[in-house]
1. Largest first, what is the accessible-area ranking of K78, K139, K307 with a 1.4 Å probe?
2. Per residue, how much accessible area does the chain show when a 1.4 Å probe rolls over the protein heavy atoms, in square angstrom?
3. Between V297, V229, V35, which gets the highest mean-square fluctuation from a Gaussian network model of the chain, Cα cutoff 10 Å?
4. Might you report the magnitude of the Cβ-based charge dipole of the stretch 45-118 about its Cα centre, with Lys and Arg at +1 and Asp and Glu at -1, to the nearest 20 debye?
5. Any idea of E322's accessible area? Nearest 10 Å², probe 1.4 Å.
6. Please give the charge dipole size of the stretch 222-315, origin at the Cα centre, charges +1 on K and R Cβ atoms and -1 on D and E Cβ atoms. Round to the nearest 20 debye.
7. Starting from the stretch 1-101, pick out the GluC sites (Glu not before Pro) whose DSSP state is loop and whose Cβ has at most 13 other Cβ atoms within 10 Å.
8. May I ask you to derive the relative contact order of the chain, considering only C-alpha pairs under 8 Å and at least 6 residues apart, and to give it as an integer percent?
Amino acid sequence: MIYKNVSLKNYNTFGLDYKASTLIKVKTEEDAISVLHQSKSLKKPLLILGGGSNILFTADFDGTIIHSGIGGIKIEEKTPEYVIVSAGSGVNWDEFVEWSVSNGNGGIENLSLIPGLTGASPIQNIGAYGIEAKDVIEKVRTVSIDDCSIREFSNGECMFGYRNSIFKQEYKGKFLVTRVFFRLRTSPEYRLNYGSLNAEIGKLGELSLRNVRQAVINIRRSKLPDPQVTGNAGSFFKNPVIASAYADILKEKYPLMPFYPETTGKTKIAAGWLLEQCGWKGKKSGAAAVHENQALVLINTGNASGKEIYDLSEKIKQSVFEKFNIELDREVEIVGPI
Ligand code: FAD
Ligand code: EPU
């Protein structure tokens, strides 16, 4: 399906009303291959778009957007301990989590209610409440944008890191994900040590996949704005990972600073806390603003432009650098001029 001069308002969770010259929806892998075969005749640049929940457009997109509508959840293999399940890249992520929980398969319940489509889960290595996609991804099936060949990446080949993978680095924009294969457990192993998760499950009753999912949903709803109501893209910045020696200095000065030890010599610092210390929580800048419950989330209060949101993020970066000497990296991808 090809759409011309199409509004992107429903294709990005900031709700920004920019236009794309062409948007092509592909429904199957064959469709994707055939569209990519014509790529020489497609207007450049090309952008692969999922749910647009980690993207900030700053202008109309004068090129071709390929949007995956590849569906289907399939059980590929079963052993007494595991089930390998594949999901099309166009499957809504949270619907896949719901399917998994309903079928008694464990592994992704902590990733409930993350917006977007399954195809982006390996790109971003999505994560929440102590689990990352890398913990459950078996392999990723893709079509090469250069030569339309099928290529499957094993978990190791994806080079996963914190909100990172080979698809955001060396292979950025080089592969269209068609299906993601997950290794899920037939009898769950719960990970409950993140923040208030355990306490929230306690309120719901017994420990079960269903209650873990519900607890995560309850916590998320209490903290994060619903993009259907208030435009946002979740955490705008990544939590910075800094030298532990410097984190120790900060801990002395700010005993309440949240921190998470990483690999040897490195410590992750809560960016939301840094922003709050710089006075950003709830601050407005034109129609862009910092969320009042979670400073890491930038919001569109109504009719913000992408540039306004971007400019706010620059001011935030600068103030965090001035106060803490820490350089923040954006998690959200900027598409367009800045
Ligand atoms: P998009 O934003 O459309 O795209 C993201 C990137 O993936 C782009 O580079 C795009 O080109 C690429 N891409 C997308 N689909 C494909 C494909 N099929 N093939 C190749 N490349 C592709 N993220 C977390 O990790 N944890 C959270 O807890 C979390 N919470 C959030 C809460 C809210 C309220 C919001 C709005 C966002 C949150 N996010 C979170 C961020 C976001 O939901 C994830 O990054 C999600 O995986 C993005 O999926 P998407 O389909 O919207 O991808
Ligand atoms: N905090 C503040 N002030 C704030 C926000 C947070 O002091 O305004 C403090 C909190 O009190 C807490 C700490 O910072 O001690 C961490 O906050 P929270 O638990 O809300 O998590 P986060 O680090 O801000 C990360 C992910 C989220 C993910 C949650 C839960 C990143 C960049 N963000 O947020 O992912 O849902 O943990 O696991 O890693 C996303 O990627 O878009 C996203 C929402």
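1. These residues rank, largest area first, as K78, K307, K139.
2. Normalised by residue count, the accessible surface of the chain is 46 Å².
3. Sorting by GNM fluctuation, first place goes to V229.
4. Rounded to the nearest 20 debye, it is 100 debye.
5. Approximately 140 Å² for this residue.
6. For this selection, approximately 60 debye.
7. E81
8. 17 percent
The values are calculated or read from the model by the stated rules, or taken from the named source; none is laboratory data. Bear in mind that the values here come from a model prediction, so they are computed numbers and not experimental data. Note: ideal-geometry Cβ built from the backbone for every residue, glycine included; neighbour counts use all protein chains shown. Surface accessibility is based on the protein's heavy atoms, side chains included, excluding ligands, DNA and RNA. Shrake-Rupley method; radii C 1.70, N 1.55, O 1.52, S 1.80 Å.
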